[in-house]
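Just so you know, all these numbers are worked out from the coordinates, no wet-lab data involved. Quick caveat: nothing in here was measured; it's all calculated off a predicted structure. Here Cβ is always computed from backbone atoms with ideal geometry, including for glycine, and neighbour counts include all displayed protein chains.
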Amino acid sequence: MNRYKNSKTRLLAAVLTWTQVLTAQPAAETRLGDNAALRYWSAFAQMRDSSVSPEQAKELQAILEGTAPYDDLKHRELVERNRLAVETLRRGTELSNCDWGLEYELASGAPIEHVRKALALGRLNVLYAMHQLQIGDRPGGIRTLAAGLRFSADVASGGPVMAAVAGKTLLLSHFRLVAFAAVEQALSSPEKASISSALGRIGAEGIDWQAAIRREFEVLERSGVSGLAAVREHYRRTLQNPAQLADLEKAIASTPKAVAARITSPRRILDQKRELDEQLRAARLRLRE
């Protein structure tokens, strides 16, 4: 009987102890749906006739640069067919986390299909914002523009250089739209503040080039390439200080030719980074005018 009472007492004490622990330190609730990438994939599925030919891409760039007029009658049907996709994109940008779930354990075989789809959706977002501004829906146009900035940065999230360059390309398209709106629409102070806030959300550089290069080296190492620690460190320092480019290029040249050919050109990355820095700075200055 005493043995039974003692066991019962110990069990009750254990229950009380765990109750106190759980009460004092409640487990954080995990919401798996709070991932922007899931919304973006839904937006991809909602796209209709979304492919933009090289000729159409050139025309869009000319419109944004002010060398060609925007013809809403020409693009209205396309953007209206994709309105739901653009609205889903915007809802995705309201979430702080974006994880594309890339399978880097597959090394160079890891699928990154979201990059191609994201380029198409990002271009549609630019067109839709222009459509909204053209028909007088200024609040909607500014919201779409602001969402596109965040989406562009999210495209690069957790990805290799290819994803980073795609994100940078979309950011530049939206920066051109900022310039277009500033000239053609005479943005108000609240509108400028809204876009500036969106720029603030993408960070000082817009794209995390360091993270993209780390992914590139991770893929190489998972592919069986070893002995790249020194080159990786040189790359990191060069992204911080381009004056060290020559040392990095020497380090890459010292690796076997087959390996060197697989390392992303640092000159290319520095050029991409420099262009984005310049355009991001210009967009921020334009919004202060």
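A Cα-only calculation for segment 180-288 places Rg and Dmax at 18.5, 57 Å.
Can you work out the FRET efficiency for the pair GLU77 and ARG201, with r the C-beta to C-beta distance and R0 = 22 Å, to the nearest 0.05?
Approximately 0.10, to the nearest 0.05.
Model label points for ALA253 and ARG214, set 7 angstrom from Cα along the Cα-to-Cβ axis, are 3.0 nm apart.
FRET efficiency for the pair ASN97 and ALA246, taken as 1/(1 + (r/R0)^6) with r the Cβ-Cβ distance and R0 = 45 Å, rounds to 0.70. If r is the Cβ-Cβ distance from ALA229 to GLU184 and R0 is 30 Å, what FRET efficiency results, to the nearest 0.05? For R0 = 30 Å, the calculated efficiency reads 0.05. Stretching the chain fully between LYS58 and GLU221 yields a gain of 54.9 nm (0.36 nm per residue, less the alpha carbon separation). Extending 7 Å from the Cα toward the beta-carbon at both ALA120 and ARG288 defines two label points whose distance is 4.0 nm.
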